[in-house]
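Structure, as structure tokens:
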Amino acid sequence: FYTFINPSFSSNPKLNSFSSNLCKTLELDSNQFLTSFATQVFVGNEILQKSKPFATCYGGHQFGSWAGQLGDGRAIILGEILTSQQKRFELQLKGAGPTPFKRFADGRAVLRSSVREFICSEAMHYLGIPTTRCLTLITTGDKVARDMYYDGRIKMEPSAVICRVAPTFLRFGSFEIWLERKNDLNIKLLADYLIDYHFSHILSSEQLKSKFNNNKYHQLLDEIIQKTAQLIAYWQAFGFVHGVNLHTYIILIIL
């Protein structure tokens, strides 16, 4: 399901932006984000006590063909926050260095794409479209080689790390990899985790119990189908276009 991995070191991190509104949601003191310690934490240089960063494994299709095992090549989950309202949020660093799932990349993210994700995810949130959120955007002080236009003209660009937030980063591909490997036990373990921690309300829904003969897995699948259809309808209404990697859709799409 995952492998433990610490983020790579960044030489000169500087806080570029953070979401004070998301801080409130997470019940965090926004003033603390202005400290150098917070910058070190959210760039991955400083690991908090009891935090065990990890990258997850998943599989999926790319351009219509099965691509086999993939995974978080440059995304590392720091841990989970449980608020006073018993709401769960995972914190994930993107661009914090390579993981065992990186394949041929360097595990870093350029500043321009990090800025784009920070702005777009927050914009979608305020438009009312279900999305992951961005808590912080931190430049690393390091540069990475990129061929922006894929024409052979490689340039050095500034890199950055963003902290993504979602109730869970469990993806469709998290199930697909075990389906391909014919491992029903792991599929059941993932489904039970989702139901217990994120879809427990379906267990008390008499309507769903009646509709699916009290089969919680059918109830879970039905709710995921409904919510995913609603999400794509939002995308079409606002003109948003997703990329090619459908396995990276997060199962729990509402934040």
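The values are calculated or read from the model by the stated rules, or taken from the named source; none is laboratory data. From a predicted model like this one, the values you see are computed outputs, not experimental measurements. Because the Cβ atoms are built from the backbone with ideal geometry, glycine has one as well, and the counts that use them run over all protein chains shown. Please note that ligands, DNA and RNA were not included when accessible areas were found on the heavy atoms of the full protein model with its side chains. Shrake-Rupley method; radii C 1.70, N 1.55, O 1.52, S 1.80 Å.
Order the peptides 160-169, 230-239 from the highest to the lowest mean number of other Cβ atoms within 10 Å of their residues.
160-169, 230-239
Would you list Leu185, Leu70 from the most to the least accessible area, probe 1.4 Å?
Of Leu185, Leu70, the descending order of accessible area is Leu185, Leu70.
Please list, ordered by chain and number, the residues whose modelled amide H lies under 5 Å from the amide H of Gly59; skip anything fewer than 5 residues away on the same chain.
Sorted by chain and number, the residues that satisfy this are Leu70, Ser174, Glu176, Ile177.
Once amide H atoms are placed 1.01 Å from N in the peptide plane, what residues at a sequence separation of 5 or more from Arg171, or on another chain, have their amide H within under 5 Å of its amide H?
Under 5 Å from the amide H of Arg171 lie the amide H atoms of Ile251, each far enough along the sequence or on another chain.
So what is the relative contact order of the stretch 114-255, in percent, for Cα pairs below 8 Å that sit 6 or more residues apart?
It rounds to 27 percent for the stretch 114-255.
Would you calculate the separation in nanometres between label points at Tyr149 and Gln226, each defined as 7 Å from the Cα along the Cα-to-beta-carbon direction?
With each label placed 7 Å out from Cα toward Cβ, I get 4.9 nm.
Based solely on its DSSP helices, what 222 nm [θ] is calculated for the chain when runs of n ≥ 4 H residues each add -39,500 (n - 2.57) and the sum is averaged over all residues, nearest 500 deg cm²/dmol?
-10000 deg cm²/dmol
Which chymotrypsin sites (Phe, Trp or Tyr not before Pro) in the stretch 1-66 pass both tests, a DSSP loop state and at most 16 other beta-carbon atoms within 10 Å?
For chymotrypsin sites (Phe, Trp or Tyr not before Pro) across the stretch 1-66 that sit outside H, G, I, E and B with at most 16 neighbouring Cβ atoms in 10 Å, the list reads Phe1, Phe9, Phe63.
Determine how large the accessible area of His61 is when every protein chain is in place; take a 1.4 Å probe and give Å² rounded to the nearest 10.
Its accessible surface works out to 80 Å², give or take rounding.
Applying the Karplus parametrisation 6.51 cos²θ - 1.76 cosθ + 1.60 with θ = phi - 60° to the phi angles of the stretch 171-185, what ³J(HN,Hα) value in whole Hz is obtained for each residue in order, glycine and proline being reported as x?
Result, ordered by residue: 10, 4, x, 5, 8, 4, 4, 7, 5, 5, 8, 6, 10, 5, 4 Hz.
For the chain, what's the relative contact order in percent, using C-alpha pairs closer than 8 Å and at least 6 residues apart?
21 percent.
Take the chain, connect every pair of alpha-carbon atoms lying under 10 Å apart with a spring to form a Gaussian network, then pick out the residue of Glu90, Glu117, Glu157 with the largest mean-square fluctuation.
Glu157
Hey, with R₀ at 22 Å, roughly what FRET efficiency would Lys182 and Lys211 work out to, going by the Cβ-Cβ distance, to 0.05?
0.15
Per 0.36 nm of contour for each residue apart, how much would the distance between Asn31 and Trp235 grow if the chain were fully extended, relative to their Cα-Cα spacing?
Additional length available on full extension: 70.0 nm.
How large is ³J(HN,Hα) for each residue in the stretch 137-143, as worked out from phi by the Karplus curve 6.51 cos²θ - 1.76 cosθ + 1.60 (θ = phi - 60°), to whole Hz, x for Gly and Pro?
Going residue by residue, I get 10, 10, 7, 8, x, 10, 10 Hz, with x marking Gly and Pro.
If I build a Gaussian network model for the chain, linking alpha-carbon pairs within less than 10 angstrom, which residue out of Arg153, Arg108, Arg88 has the largest mean-square fluctuation?
Comparing Arg153, Arg108, Arg88 in a Gaussian network model of the chain, the most mobile one is Arg153.
Rank these by accessible area, largest first, 1.4 Å probe: Leu111, Leu78.
Leu111, Leu78
Which percent of the accessible area of the chain is formed by carbon and sulfur heavy atoms (probe 1.4 angstrom)?
Taking all protein chains in place, the chain shows 56 percent carbon and sulfur surface.
Quick check: with the 1.4 Å probe, what order do His201, His242 take by accessible area, largest first?
Heavy-atom accessible area, descending, gives His201, His242.
Do any of Lys182/Lys216; Lys50/Lys182; Lys24/Lys216; Lys182/Lys211; Lys52/Lys155; Lys14/Lys52 go past 26 Å between their Cα atoms, and which?
Lys50/Lys182; Lys24/Lys216; Lys182/Lys211; Lys52/Lys155
Can you give me the solvent accessible area of Met148 with a 1.4 Å probe, rounded to the nearest 10 Å²?
Surface accessible to solvent at Met148 totals approximately 80 Å².
Gap in Å between the Cα centre of the stretch 1-38 and the Cα centre of the stretch 204-226?
38
Output wanted: per-residue J couplings in Hz (rounded whole) for the stretch 58-67, from phi through Karplus 6.51 cos²θ - 1.76 cosθ + 1.60, θ = phi - 60°, x for Gly and Pro.
7, x, x, 9, 10, 6, x, 10, 5, 9
Would you pull out the residues with amide H under 5 Å of Glu90's amide H, same chain only if 5 or more places away, H placed 1.01 Å from N?
Ile81, Ala166, Thr168
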